[in-house]
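Take a look at the structure below.
The values are calculated or read from the model by the stated rules, or taken from the named source; none is laboratory data. Quick caveat: nothing in here was measured; it's all calculated off a predicted structure. A quick note on method: Cβ atoms are made from the backbone with ideal geometry, for glycine too, and the neighbour counts reach across all protein chains shown. Ligands, DNA and RNA are excluded from the accessible area calculation, which covers all protein heavy atoms including side chains. Shrake-Rupley method; radii C 1.70, N 1.55, O 1.52, S 1.80 Å.
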Amino acid sequence: MPRTNRNIPEPKSIGQVGQTSGTIPPPWKPSLIVAVPLPLVIVSVVVFNIILPPPAQFSKGLAFEPPFLNAILYTVFLAFTSFMVGYISFKSYIQNGWTFLVLLGSGALAWGSTSLLSGWLTNLPSGPNPAITISNTGALVASIFHVISGTWSRGPSPQKSPKIRRSIIILAYGGVLGFTALYTAAALEGMTPLFFVPGAGQTPLRMAVLGSAATLFAVSSILFARRYFSSRSRSSTLYWYFLALALTGVGLAAVFFGRAPGDPISWTGRTAMFLGGTYFLKAVHTAFKGTGVH
């Protein structure tokens, strides 16, 4: 396939990266099929919430939670896809200098690193609290980066040197990974507030953090959807990206309706987040495949 600017938006906003000045790409026609999972997930959560018994009467036989399946799925569909998004954003920022790529990549790195750690720390003898703490806090940090990237309207960085750009994004990525490492250590040592208490369930703090993360993912999805529908080019990048953010937000929100780990609502929410991970990867691929990023 020859390289083309058809999927690369105009350079006047965040959703307009990579387009050669003075050209307007032809309209891109979205596939409605890839948008179907979003309303399907929402309807599924509502239906399950109606038909499933309350937590006190919920049978464990209705839950499916193999010890390491969740960790493997988190690694493949959340961690791997997020790291790929971070890598592509890294290479693209060095090449074209669009500052929002630093925010996008940092958010992906926060989401991917905490998802990886929480997935493999769930089955600790001390209980799932450290994993839940790491996962939910990482989701909140990632959602903040995505909201900022959605409101960022500045053009390329004034720094023209690839060496300086490399230093900037390495510093940003290093800060995210450093925070993740320190916070993980603190959670494992019991130095962070409790998010989950065995026998009592989730704490109000967890509800607040998770609710904030889900809300911010939804807000960022709306911001990018608005850019998509207001753009003359109707960029495929924006289309995939706002769907990825929406699926992630809905997946996080599903936790509030779950009866127990591994219940149908839990798996519906996880499936939404896993699909969101693939959509994130598709978004950055379509955005930057014509900019020389490999």
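Things worth noting here:
- Longest site-free stretch - the chain; sites: chymotrypsin sites (Phe, Trp or Tyr not before Pro), DSSP loop, at most 13 other Cβ within 10 Å: 69-294
- Sorted into 10 angstrom bins from 0, the C-alpha pair distances of the chain split as 7, 28, 34, 20, 9, 2, 0 percent.
- Amide hydrogen neighbours beyond the local backbone of residue 98, cut-off 5 Å, H modeled: 157
- Shown for the chain: lysine pairs separated by 8 or more places, or found on different chains, whose C-alpha atoms are under 25 Å apart, numbering 14.
- In Hz, Karplus ³J(HN,Hα) per residue of segment 73-83 (6.51, -1.76, 1.60; θ = phi - 60°; x = Gly, Pro): 5, 4, 5, 6, 8, 10, 5, 4, 5, 5, 5
- Here each label is just a point 7 Å from Cα along the line to Cβ, and for residue 69 and residue 256 those points are 2.7 nm apart.
- Annotation for residue 126 and residue 205: the two label points, set 7 Å from Cα along the Cα-Cβ direction, are 1.3 nm apart.
- Across the options 123, 204, 219, the greatest Cα extent toward the positive end of the charge dipole of the chain (unit charges at beta carbon of Lys, Arg, Asp, Glu) belongs to 219.
- Carbon and sulfur %, accessible surface of the chain computed with the full protein complex present, 1.4 Å: 71
- Remark: segment 29-75 carries 70 Å² of accessible area per residue (probe radius 1.4 Å; ligands, DNA and RNA excluded).
- Normalised size of segment 126-258, defined as Cα radius of gyration per 2.2 N^0.38 Å with N residues, equals 1.26.
- The amide H of residue 202, built 1.01 Å from its N in the peptide plane, has 197 as neighbours under 5 Å, considering only residues 5 or more places off or on other chains.
- For a modelled paramagnetic label at residue 47, 7 Å from Cα along Cα-to-Cβ, the residues of segment 253-269 in reach, with backbone nitrogen under 13 Å, are 265, 268.
- The charge dipole of the chain, taken about the Cα centre with unit charges on the Cβ atoms of Lys, Arg (+1) and Asp, Glu (-1), comes to about 1200 debye, rounded to the nearest 20.
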